[in-house]
1. Residues that are out of contact with any strand residue (DSSP E or B) (no Cβ under 9 Å at 6 or more places or on another chain), open to solvent by 60 Å² or more (accessible area, probe 1.4 Å) and polar (S, T, N, Q): does region 41-49 have at least one?
2. For region 42-49, state whether one or more residues are out of contact with any helix residue (DSSP H, G or I) (no Cβ under 9 Å at 6 or more places or on another chain), acidic (Asp, Glu) and assigned to a helix (DSSP H, G or I).
3. I want to confirm something. Restricting to region 46-75 and keeping residues that are more than 10 Å from ARG28 (Cα to Cα) and small (Gly, Ala, Ser), which single residue is modelled with the lowest pLDDT?
4. Looking at ALA25, ALA84 in this structure, which one is open to solvent by less than 50 Å² (accessible area, probe 1.4 Å), out of contact with any helix residue (DSSP H, G or I) (no Cβ under 7 Å at 6 or more places or on another chain) and not in a helix (DSSP H, G or I)?
5. I need a count of the residues in region 1-23 that are within 10 Å of the chain's Cα centre (by Cα) and touching a residue at least 40 places away in the same chain (Cβ under 8 Å).
6. Step by step: first the residues of region 61-77, then only those that are crowded, with 17+ Cβ neighbours inside 10 Å and free of Cβ contacts under 8 Å to residues at least 40 places away in the same chain, then the one that is farthest from MET37 (Cα to Cα). Which residue is that?
7. Could you please find all residues in region 76-85 being at pLDDT 80 or above and within 11 Å of ALA25 (Cβ to Cβ)?
8. Of the numbered conditions (1) within 17 Å of the chain's Cα centre (by Cα); (2) in a loop (DSSP other than H, G, I, E, B); (3) of a type outside the set (A, V, I, L, M), ASP75 satisfies every one except a single condition; which is it?
Amino acid sequence: RFPEAFAQMIQWGELVGGGALFLEAFTRPAGTLAGLMLGCFALAGPLEQLQFILLLALCCCACALSRAGGRLGLDAMLDGQFPAWLTWTRSSA
């Protein structure tokens, strides 16, 4: 119904989500939200790109479920400053 608005949301979602995964900052929420966004885009996107979109969604979900960023990324530097559910840290906050 609003293609321009959704195009902007997808662009910003890919930029912010991809940047967060690249920097390994907030990998749990970034991977989950990026995987969800790409999964929804697979339902509405072009059929020629379906396999690639699903592969990217799977990779984002794998980053969210694995311990990506727990040792060397920004999640390790943010240890103790955010709750453990938000980053892969050992803090109990």
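The values are calculated or read from the model by the stated rules, or taken from the named source; none is laboratory data. Just so we're clear, the structure is a prediction, and the values are computed from it rather than from any experiment. All Cβ positions, even for glycine, are placed from backbone atoms using ideal geometry, and neighbour counts span all protein chains on display. Surface accessibility is based on the protein's heavy atoms, side chains included, excluding ligands, DNA and RNA. Shrake-Rupley method; radii C 1.70, N 1.55, O 1.52, S 1.80 Å.
1. Taking every residue of region 41-49 in turn, at least one turns out to be out of contact with any strand residue (DSSP E or B) (no Cβ under 9 Å at 6 or more places or on another chain), open to solvent by 60 Å² or more (accessible area, probe 1.4 Å) and polar (S, T, N, Q).
2. yes
3. Out of the qualifying residues, it is GLY70.
4. Working: ALA25 fails: out of contact with any helix residue (DSSP H, G or I) (no Cβ under 7 Å at 6 or more places or on another chain).
Step by step, each of ALA25, ALA84 is checked, and only ALA84 is open to solvent by less than 50 Å² (accessible area, probe 1.4 Å), out of contact with any helix residue (DSSP H, G or I) (no Cβ under 7 Å at 6 or more places or on another chain) and not in a helix (DSSP H, G or I).
5. 2
6. Taking region 61-77 first, the residues crowded, with 17+ Cβ neighbours inside 10 Å are 61, 63-64, 68-69, 73, 75.
Add one more test, that the residue is free of Cβ contacts under 8 Å to residues at least 40 places away in the same chain, and what stays is 61, 64.
On the way: CYS61: 11, ALA64: 13 Å.
For region 61-77, the residue satisfying everything is ALA64.
7. Step one: filter region 76-85 for residues at pLDDT 80 or above, giving 77, 81.
Once the filter is applied, which keeps residues that are at pLDDT 80 or above and within 11 Å of ALA25 (Cβ to Cβ), region 76-85 yields only MET77.
8. All conditions are met except number (2).
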